[in-house]
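Down below is the structure, laid out as structure tokens.
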Amino acid sequence: MLEAILLVGGQGTRLRPLTISTPKPMLPVAGFACTEHQIALARAAGVERIILGTSYRAEVFEEHFGHGENYGVELVYAVEDEPLGTGGAIRNAAAHLTCGPNDPVIIFNGDVLTGLDISGLVQKWREANADVALYLTRVEDPRPYGLVPTDADGRVHEFREKPTTPEEIVTDQINAGCYIFKRSIIDSIPSDRPVSVERETFPELLAADRIVIGVVDEGYWLDLGTPLAFAKGSADLVRGIAPSPLLVGRTGEALIETSAKVDPSALITGGTYVGHGAVIGAGAVVTGSVIFANVEVGSDSHVSNSIVSTAAQIGSRCQIVDTVIAERAVIASDKALEPGSLVFPDEKVN
Ligand code: GTP
């Protein structure tokens, strides 16, 4: 039986204020929690059992997913009382694995949107007789990421966390946040303290001459960690640029839930998602945005590349660009918010 661990316990500080009440992996991207897209992807690759490593707002996951009855996989929860970091979370989740010491375990960061060929990555791990296989992706600007150069055989010999000088940018390959671990390697991670898999476990494996390979996948990848990336990820899913088994046959310029009320003169485009019960007024233009359930957007307002959380209200003739509006916030009519604004839950902008 193929097993996976999803790491979903982070604080999601870069997505505040959206993550004050909802953990990042549970925020809706194109109408489904990121975790839900990942569960569907894992299931499509033959994964039958998934352990969710939770910490921050742990209860939200079990309330939503139960034990997987509706998701076609068995879901198990490994809750950390104190956040254990990525490596500590993997080790903590290992207590719930049923596989043997030499079996592969798939591990996913909870905020990665990807169409990764998981079975292909497991296959490469097997062929290389690897201890760990890392999913790598290429990015234009690798500075905010952990760089992972590989040799001609795909072996990893060093990790470079967040390079700062041009000389340090030795590759455009970055750690894309999905790994195949041999089970016994997980069991060797310390269990009694926080551990970072990126900063501690991986460098230690290299120092011990373990076989760590990097596999570049050229398919879609996006880290949903920042507001702009989150809005882009949702729009890419809606438009079918990012793949998800949950959206097959539903892609287009907009995804509007049937219970939403959109005035016929409003323009909803650029991959915008409009949630249940939302109301979009006459002449409004909404592009590349995520509109959660029960949001109201007044007439002639323009909203672009923004995230508007549950039951927030935007008045008429507003200009909202690159902005995050948290739940139940109220924006008075005729407001033009500074691009990049963050509006807090229940805040009133008059
Ligand atoms: P930021 O605070 O905005 O950096 O987000 P984050 O807290 O999610 O951190 P980051 O994006 O670096 O985390 C990568 C993945 O690991 C995310 O899916 C997190 O949910 C998860 N993660 C990070 N720290 C922990 C932890 O201590 N425990 C568990 N279970 N998961 C974690």
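Would you be able to say whether some residue in the range 29-46 is at pLDDT 95 or above and over 21 Å from L246 (Cα atoms)?
Within the range 29-46 (the criterion being at pLDDT 95 or above and over 21 Å from L246 (Cα atoms)), the answer is no, since none of the residues qualifies.
Among the helices (runs of 4 or more DSSP H) confined wholly to the range 140-259, which include 3 or more residues that are closer than 30 Å to V343 by Cα and either touching a residue at least 40 places away in the same chain (Cβ under 8 Å) or not β-branched (V, I, T) (or both)?
Working: elements: 183-187, 202-207, 227-239.
By residue number, 227-239.
Considering only residues that are outside any loop (DSSP other than H, G, I, E, B), within 17 Å of D263 (Cα to Cα) and of a type in the set (S, T, N, Q), which ones fall in the range 292-350?
Filtering the range 292-350 for residues outside any loop (DSSP other than H, G, I, E, B) gives 296-297, 302-304, 307-308, 313-314, 319-321, 324-325, 330-331, 336, 342-343, 348-349.
Then keep just the ones that are within 17 Å of D263 (Cα to Cα); that gives 296-297, 302-303, 313-314.
Passing the criteria: only Q313.
Pick out the one residue from A282, A278, A266 that is touching a Ser or Thr at 6+ places or on another chain (Cβ under 6 Å) and either among the small types (G, A, S) or crowded, with 18+ Cβ neighbours inside 10 Å (or both). Don't jump to the end; show me each part of the working.
Details: A278 fails: touching a Ser or Thr at 6+ places or on another chain (Cβ under 6 Å); A266 fails: touching a Ser or Thr at 6+ places or on another chain (Cβ under 6 Å).
So the residue among A282, A278, A266 that is touching a Ser or Thr at 6+ places or on another chain (Cβ under 6 Å) and either among the small types (G, A, S) or crowded, with 18+ Cβ neighbours inside 10 Å (or both) is A282.
Is at least one residue of the range 169-191 closer than 22 Å to C34 by Cα, of a type in the set (S, T, N, Q), within 15 Å of the ligand (Cβ to nearest atom) and in the same structural domain as L41 (by TED's automatic domain parsing)?
yes
Restricting to the range 31-84, give me the number of residues that are near the ligand (Cβ under 10 Å from one of its atoms), closer than 28 Å to G288 by Cα and out of contact with any Leu (no Cβ under 7 Å at 6 or more places or on another chain).
Looking only at that region, the number is 0.
Tell me, which residue of the range 100-112 that is out of contact with any Ser or Thr (no Cβ under 8 Å at 6 or more places or on another chain) and in a strand (DSSP E or B) is farthest from the ligand (Cβ to nearest atom)? Step through it out loud before you land on a result.
First, the residues of the range 100-112 that are out of contact with any Ser or Thr (no Cβ under 8 Å at 6 or more places or on another chain): 100, 103-108, 111-112.
In the following step, the residues that additionally are in a strand (DSSP E or B) were identified as 104-108, 112.
Numbers: P104: 20, V105: 15, I106: 14, I107: 10, F108: 8, V112: 7 Å.
Among those that are out of contact with any Ser or Thr (no Cβ under 8 Å at 6 or more places or on another chain) and in a strand (DSSP E or B), it is P104.
Output the residue which, of all residues in the range 1-30 that are small (G, A, S) and near the ligand (Cβ under 8 Å from one of its atoms), is farthest from D223 (Cα to Cα). Don't jump to the end; show me each part of the working.
Step one: of the range 1-30, the residues small (G, A, S) are 4, 9-10, 12, 21, 30.
Among the residues that remain, those that are also near the ligand (Cβ under 8 Å from one of its atoms) are: 9-10, 12.
On the way: G9: 16, G10: 14, G12: 12 Å.
This residue is G9.
Within the range 314-348, how many residues are surrounded by 15 or more Cβ atoms within 10 Å (Cβ to Cβ), more than 26 Å from P23 (Cβ to Cβ) and in contact with a Lys or Arg (Cβ under 6 Å, 6 or more places away or on another chain)?
1
The values are calculated or read from the model by the stated rules, or taken from the named source; none is laboratory data. All values reported here derive from a predicted model rather than from experimental measurement. Cβ atoms come from the backbone with ideal geometry, glycine included; neighbour counts cover every protein chain shown.
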